[in-house]
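Enquirer: Starting off with a structure, shown below.
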Amino acid sequence: MSGLLAGKRLLVTGVITDASIAFSVAKLAQENGAQVVLTGYGRLSLVERIAKRLPEAAPVIELDVTNPEHLAGLPDKVREHVDGLDGVVHSIGFAPQSCLGGGFLDAPWEDVATALHVSTYSYKSLAVAALPLMSPGGAVVGLTFDATQAWPVYDWMGVAKAGLESTSRYLALHLGKQGIRSNLVAAGPLRTMAARSIPGFEQFENAWSGRAPLGWDLADQEPAARACLALLSDWFPATTGEIVHVDGGYHAIGA
Ligand SMILES: NC(=O)c1ccc[n+]([C@@H]2O[C@H](COP(=O)([O-])OP(=O)(O)OC[C@H]3O[C@@H](n4cnc5c(N)ncnc54)[C@H](O)[C@@H]3O)[C@@H](O)[C@H]2O)c1
């Protein structure tokens, strides 16, 4: 078998449509020699249908990343398909509507707590759940939206991403002893289901097109997916706690 991820066994969360960043990751990973197991949340039959559009139909395991029973049962479910994991992809985010679109000052704690549970704490939960299947050289990769500044309309999701970025550094700290890396890809705006749920998301779209020195294609998930593959591969063996920007260079340029 050949390819960047030849022989690697991956668990990929977050496929809901074929526009999902996770779908691009799973597709490219298979094209590069990996064996892929997907997890699905909510509409499982939909995820199973999308999984059949991959180069090789991938098995789908049900996983609500906030459900302790799902997390505890994950290793056994994964073992039905592969005998271990070399990489785990966290491509999960959710915030109730009150947390997005400008209502920052009014969002109630219960809604903020949901956003943080699904989008931030879950990165640790998923990594810990998968840990019994992993060995030195393994990698965990997640997706962030640059949280070093406040964005219009992103609101509590921005706070959740800031927490995710910190969580990744702490995972790097605590999993380093076991030879497992944790890194994030900071993607520019992409037209996915999660993005469509953010009122005013077009503000990002307009800003990016104008400023990113390399330009930015809002409908091309592949650059972000490629970076995920690189971080899952053996080509970043000494990199952990890192955030790789895949945003056309936007983050580096002043207004
Ligand atoms: N689209 C963008 O502009 C963009 C930019 C940067 C980072 N990201 C991040 O990329 C990741 C993937 O999002 P996407 O844009 O591909 O959108 P998407 O809607 O395709 O994927 C989001 C996924 O989160 C899953 N999810 C939600 N709640 C869950 C739960 N409780 N348990 C398990 N899974 C759950 C959904 O089922 C869905 O598959 C997210 O972390 C998102 O914040 C997106």
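Nothing in this text is a laboratory measurement; each read-out follows from the coordinates by a stated rule. The structure presented is a predicted model; accordingly, all values stated were derived computationally and were not measured. So basically every Cβ, Gly included, is an ideal-geometry build from the backbone, and we count neighbours across all protein chains shown.
Enquirer: Compute a Gaussian network model of the chain, connecting alpha carbons closer than 10 Å, and tell me which residue from Gly137, Gly241, Gly210 fluctuates the most.
Expert: Greatest mean-square fluctuation among the candidates belongs to Gly210.
Enquirer: Let me ask something else. Between His174 and Met193, what length in nm is gained on full extension when 0.36 nm per residue of separation is reduced by their alpha carbon distance? Before the final figure, lay out each step's value.
Expert: On the way: separation 19, 0.36 × 19 = 6.84 nm, distance 3.26 nm.
Here the answer is 3.6 nm.
Enquirer: Of Tyr170, Tyr154, Tyr123, which has the largest mean-square fluctuation in a 10 Å C-alpha GNM of the chain?
Expert: Tyr170
Enquirer: Which order do Met193, Met157 fall in if you start with the one that has the fewest other Cβ atoms within 10 Å? Walk me through the intermediate numbers first.
Expert: Details: Met193 10, Met157 26.
Fewest-to-most ranking of Met193, Met157: Met193, Met157.
Enquirer: Where does the chain land at 222 nm, in deg cm²/dmol rounded to the nearest 500, when only DSSP H runs of n ≥ 4 count, each adding -39500 (n - 2.57), divided by all residues? It would help to have the intermediate numbers written out before the result.
Expert: Details: 9 runs with 94 residues, N = 255.
For the chain, the value works out to -11000 deg cm²/dmol.
Enquirer: Neighbour counts of other C-beta atoms within 10 Å: give me Asp217, Asp247, Asp106 arranged from fewest to most.
Expert: Details: Asp217 16, Asp247 23, Asp106 9.
Lowest to highest Cβ neighbour count: Asp106, Asp217, Asp247.
Enquirer: Now for a different question. Straight-line reach only, C-alpha to C-alpha below 26 angstrom: list the lysines that Lys161 could link to, leaving out same-chain residues fewer than 8 apart.
Expert: Lys27, Lys124, Lys177
Enquirer: A follow-up question, please. Once both axes come from the Cα atoms, what is the angle between helix 222-232 and the longest principal axis of the chain, in degrees from 0 to 90, rounded to 10?
Expert: 50 degrees
Enquirer: By how many degrees, 0 to 90 and rounded to 10, does the Cα axis of helix 155-175 deviate from the longest principal axis of the chain?
Expert: 30 degrees
Enquirer: Hey, in the GNM for the chain with a 10 angstrom Cα cutoff, which one of Ala194, Ala95, Ala162 fluctuates hardest?
Expert: Sorting by GNM fluctuation, first place goes to Ala194.
Enquirer: Quote the convex hull volume per residue of the chain, based on C-alpha atoms, as a whole number of Å³.
Expert: Details: hull volume 30.4 nm³, N = 255.
Value for the chain: 119 Å³ per residue.
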